[in-house]
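The structure under discussion appears below in the form of structure tokens.
Please treat every number below as a calculation from the coordinates, not as lab data. Since this is a predicted model, take the numbers as computed values, not measurements. Cβ sites come from the backbone with ideal geometry, for glycine too, and all protein chains shown count toward neighbours.
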Amino acid sequence: MSDKLRAFSGQIVAVLIALAMGAVIIMLIDESPIKVFMTLMRGAFGDQAKIAGTLLQTTPILICGIAACIGLRGGMFNVGIEGQLFLGGFAAAWVGFAMPLPAGLHVVVAMAVAVIAGAAWVSIPAFFRVRYGTNEVVSTILSNYVAVLLTSYLTIFLFKRPGGWSETPPILATAYLPELFAFSRLNWGLIIGLVLALFVAWFFRHTAKGYSISMVGSAPKFAEYGGIDVKRQGFLVLLASGAVGGLAGGIETLGVHHRFMEGFAPGFGFDGLIAALLANGSPIGTIVTALFFGALRNGSLLLETDTNASREIITVIQALIILSVSAQVLMKRRGDSTAGERRWKF
Amino acid sequence: MSTTSPAMTAREAGPAETAVELIGVTKRFGAFVANEDVSLSVKRGEIHAIIGENGAGKTTLMNILFGLLQPDEGKIVLNGKETVVTDPATAIDAGLGMVHQHFKLVPSLSVADNVFLGMEIRRNGLIDHRAQVEKTRELSERFGLKVDPEERVSLLSVGIEQRIEILKVLARGARTIILDEPTAVLTPQESRELFQTLRGFVAGGMTVIFISHHLEEVMEVSDTVTVLRHGKHVATQPTAELTKADMVRMMVGRDVSFDRRPRDKTGGKVVLEVKNLWARDDRHLPALRDASFTVRSGEIVGIAGVAGNGQTELAEVLSGLRPASHGSALLKDSDLTTLSTSAIRQTGLAHVPGDRLVRGVDGSASISSNLLMGRQFKAPWSRNGVLDWRAAANQAVEMIKRFDIRARGPEDTVKRLSGGNIQKVVLAREFTNDADFLLVDQPTRGVDIGAQESIHDEIMRQRAAGRAVLVISVQLDELLTLADRILVMFNGRIMGEVDGDSADSERIGMMMAGLQPGNASDEVAS
Ligand SMILES: Nc1ncnc2c1ncn2[C@@H]1O[C@H](COP(=O)(O)OP(=O)(O)O)[C@@H](O)[C@H]1O
Ligand SMILES: [Mg+2]
């Protein structure tokens, strides 16, 4: 318990350091950090519509974050969530516009296909990982580029809406994910994300399978010794992570855009990964960190009209958070990097 | 502060027969007393061993001597002069050097750069790498500590890293060298080389303070022994006047028996039958060659041998962690060489692994969670795939009691426990598995003496319960205590078998060195 608490307070310190450094940068461009942060707050939580907007941005970050958590807990670094999200988004759109189905069923099938698309996409790096030991970080990163370009190709050359932008035809209304309020595009995706986060947290803590997977993640040699099929679990973990990545894309398509378009949902996969890392791989913690990143994104919309700071300052702050969190991880490991500590004291 | 070199100081202080003296040293951490009124003097030119169980306060005392900690009470006299050792720099100036339990090297730098870290040789304001390499080579030759000064530390073995730590200390002019559990990370060969070096030091007039809880080593290398128990000084005596049993009694505070355990002969049925088993090591070289043996129920079979003679590979093949290249290992009619680790466990294997911290536990998890491994799909710990953490905690509470695991409770993180208690967690899990065959690799390596005894008790209980037990150990004493039969391994082969009751350590020692018994004088086995 106290370990968890310590790790958690460490993360908070990391965020505060990042914000402080961000403040310095804002001062360097002759703007007041207080004004910028107030504007961000106002942009994120200023009124009902802004809060809904923040939650709308939070949803894909949260679901991608859960995808990352699943991987992290099982010892797999899925950096390909962005690509899985794009494929899931495209697949859902395709079911949405090309496959008429009764209302209710349509949206479920479209989401299922998005899930399958995400899982199928990650199955390639997953296969190479368990079969040949190929580092999944590298192969999943690379698979992002292929996914983004592949969906662009499919959209522009095969399914382009006649006369329109680089986007597919709109999906049928039967495939819409219902909205929660009249004044916002905020939809059931948020609820799905929250329920999923709770479920995944419960799964890892309270099921035998979850226990086995966590052991593969935290002590792979112990897991192997204890009779767990480490390779099989690793494969399944990546598959599940990719499936949730695909789901995130499906929800963006079916709930927000109602079509697939080029450059759809940029960076959500990466933001989700950062949110999960910042939450130490805890799905519940990811709800909080995803909300934080969602608020930054939504709040930043006001920055350029109300201050001299550019929206990119958000990217800078995120980068600083990553730096600050990784610096912490490295500092914690500093003891281990000295040779003698590689062996435990008996 | 004197500016003369430490070597000079040592000679000038000629009349001071004592290199180091501690008088009435007390150190508290909060309410906890780590050292209580400890007095001790170390004569110049001796190897002085400090022994005591884990937590006895050995490291704390040496940290005080070296200026890393400040005593709450007491005085330190160095070379006949009372000195307030405010920091390590003061200690180094007085000719002290310390090699810590955990090495503090920079892996990405070369050997020479590490040796001169913090006292770099400079030329025109830049580090003179060539001079550092030369000086390192010179030191290394003078003291017989073989290293390649230009090699990067990250590429070196722990044994060599330790040499570098010693060179660091020598480069700073130390005449009195403190080594904190130097052999804990070494192979027996490396330990022997280290002792050679230490003898060289004292022959040259230097003084060595050597912390250990391996009594064999202490007997072998030290001139004088100081025993600490629970932070208090128990005795300081010439090693020659002490037996191992005396030392154990002083360390533990009671008699601990390592005599052969009494037993009745039980000729049970064959549980494990290994036939012509071969396996390769990680470099794909044959490491286990044509091993054949059986283990019966109610029997303890010991595997003796110097580490690295195929024992690890044998254990890994039997537990499914390494493929066999030839042969079979039948456990109740199932060939283990064809099964996965989980299938082997279901067939009836319990395994106490040799590298318990890597394989045997998840150090970051709780005791409850560690004891759950292998049972997570079984009632009462889980139902329909949903875990019952209450049942897991109850189990942990019970095991903590039964195996006398010293912990705050079932939720205590395993890595916080001492080596002996971590081993008890592993034993608790494996010995309560209802497996017919127990594979126990290095049961007491790194375990306190008091705990060693209770682990041996537990293994004997398993024997009495009719289990077939295979104990692999590099400590021959342990096998002589426990085993009904002892198989000796050398270079991947089983050199011979010895009956436990009539075992003769001379004969076993020869087989461990690769000599065939009988014609031991001239023939070396391939
Ligand atoms: N910095 C510290 N703070 C609190 N307790 C400590 C500290 N250092 C050591 N101790 C405690 O003092 C006791 C003696 O430790 P140590 O000197 O490391 O023992 P040894 O080296 O004999 O195994 C142990 O119980 C340990 O937990
Ligand atoms: Mg110590």
> Roughly how compact is chain B, stated as its Cα Rg over 2.2 N^0.38 Å to two decimals?
Replying inline: 1.07
> Which parts of segment A:195-226 would a label at B:ASP388 reach, counting a residue when its backbone N lies under 16 Å from a point 7 Å out along Cα-to-Cβ?
Replying inline: A:206-208
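Work through the residues other than A:THR155 whose Cβ is under 12 Å from its Cβ and net out their charges, Lys, Arg +1 and Asp, Glu -1.
Spelling it out: positives minus negatives among the neighbours equals +1.
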> Over the alpha carbons of segment B:296-368, what is the largest minus smallest coordinate on each principal axis, giving the biggest first in Å?
Replying inline: 38, 31, 29
> Label 7 Å along Cα→Cβ of B:SER328; segment B:272-311 residues with amide nitrogen under 14 Å?
Replying inline: B:272-278, B:293
> Which lysines does B:LYS378 reach when only Cα atoms under 19 Å apart count, and residues fewer than 8 places away in its own chain are ignored?
Replying inline: A:LYS209
>> Suppose we keep just the DSSP beta bridges with both residues in chain B; what percent of those would be antiparallel, to 5?
In response: 55
> Of the residues A:TRP94, A:TRP165, A:TRP188, which exhibits the maximal mean-square fluctuation in a Gaussian network model of chain A defined by a 10 Å Cα contact cut-off?
Replying inline: A:TRP165
> If each Cα of segment A:163-280 is one equal point scatterer, what is log10 of I(q)/I(0) from the Debye formula at q = 0.12 Å⁻¹?
Replying inline: -0.60
>> I need the fraction of alpha carbon pairs in segment B:117-226 separated by more than 18 Å, rounded to a whole percent.
In response: 52
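List the pairs from B:LYS27/B:LYS104; A:LYS221/B:LYS415; B:LYS27/B:LYS75; A:LYS221/B:LYS401 whose alpha-carbon separation is above 18 Å, in the order I gave them.
Working: B:LYS27/B:LYS104 24 Å; A:LYS221/B:LYS415 16 Å; B:LYS27/B:LYS75 12 Å; A:LYS221/B:LYS401 28 Å.
From B:LYS27/B:LYS104; A:LYS221/B:LYS415; B:LYS27/B:LYS75; A:LYS221/B:LYS401, over 18 Å: B:LYS27/B:LYS104; A:LYS221/B:LYS401.
For segment A:13-163, would you read off the P(r) tail past 26 Å as a percentage of all alpha carbon pairs? Can you show the working numbers first?
Working: 5581 of 11325 pairs.
Tail of P(r) above 26 Å: 49 percent of Cα pairs.
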> Which of the peptides A:283-289, A:57-63 is most tightly packed, and how do the rest follow, judged by the mean count of other Cβ atoms within 10 Å per residue?
Replying inline: A:57-63, A:283-289
>> Considering all projection directions equally, how large on average is the shadow of the alpha-carbon convex hull of segment B:236-348, in square nanometres?
In response: 11.0
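Once the Cα gyration tensor of the protein assembly as shown is found, what semi-axes does its equivalent ellipsoid get, as square roots of 5 times the eigenvalues, in whole Å, sorted largest first?
So the three semi-axes of the protein assembly as shown are 57, 38, 24 Å.
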> Hey, got the average number of other protein chain Cβ atoms within 10 angstrom for residues in A:212-223?
Replying inline: 5
> What order do you get for A:121-132, B:204-215 when each peptide is scored by the mean count of other beta carbon atoms within 10 Å, highest first?
Replying inline: B:204-215, A:121-132
> Gap in Å between the Cα centre of segment B:145-201 and the Cα centre of segment B:233-270?
Replying inline: 30
> Label points 7 Å out from Cα along the Cβ direction at B:ARG142 and B:ARG123: separation in nm?
Replying inline: 2.0
> On average, how many beta carbons from a partner chain sit within 10 Å of the beta carbon of a residue in B:340-347?
Replying inline: 3
> Can you give the translational diffusion coefficient of chain A in µm²/s, computed by Stokes-Einstein from the Kirkwood radius over Cα pairs at 37 °C and 0.692 mPa s?
Replying inline: 156
>> Helix-only estimate, please: 222 nm mean residue ellipticity of chain B, summing -39500 (n - 2.57) across DSSP H runs of length 4 or more and dividing by its residues, to the nearest 500.
In response: -9000 deg cm²/dmol
> Where Lys and Arg each count +1 and Asp and Glu each count -1, what net charge lies around B:SER39 among other residues with Cβ under 12 Å from its Cβ?
Replying inline: -2
> How well do other chains shield peptide B:100-113, expressed as the mean number of their Cβ atoms within 10 Å of each residue Cβ?
Replying inline: 3
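If you add up the charges near A:GLY89, with Lys and Arg at +1 and Asp and Glu at -1, over every other residue whose beta carbon is less than 13 angstrom from its beta carbon, what do you get?
Spelling it out: positives minus negatives among the neighbours equals -3.
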> Quick one: Cα centre-to-centre distance for segment A:155-172 and segment B:20-93, in angstrom?
Replying inline: 80
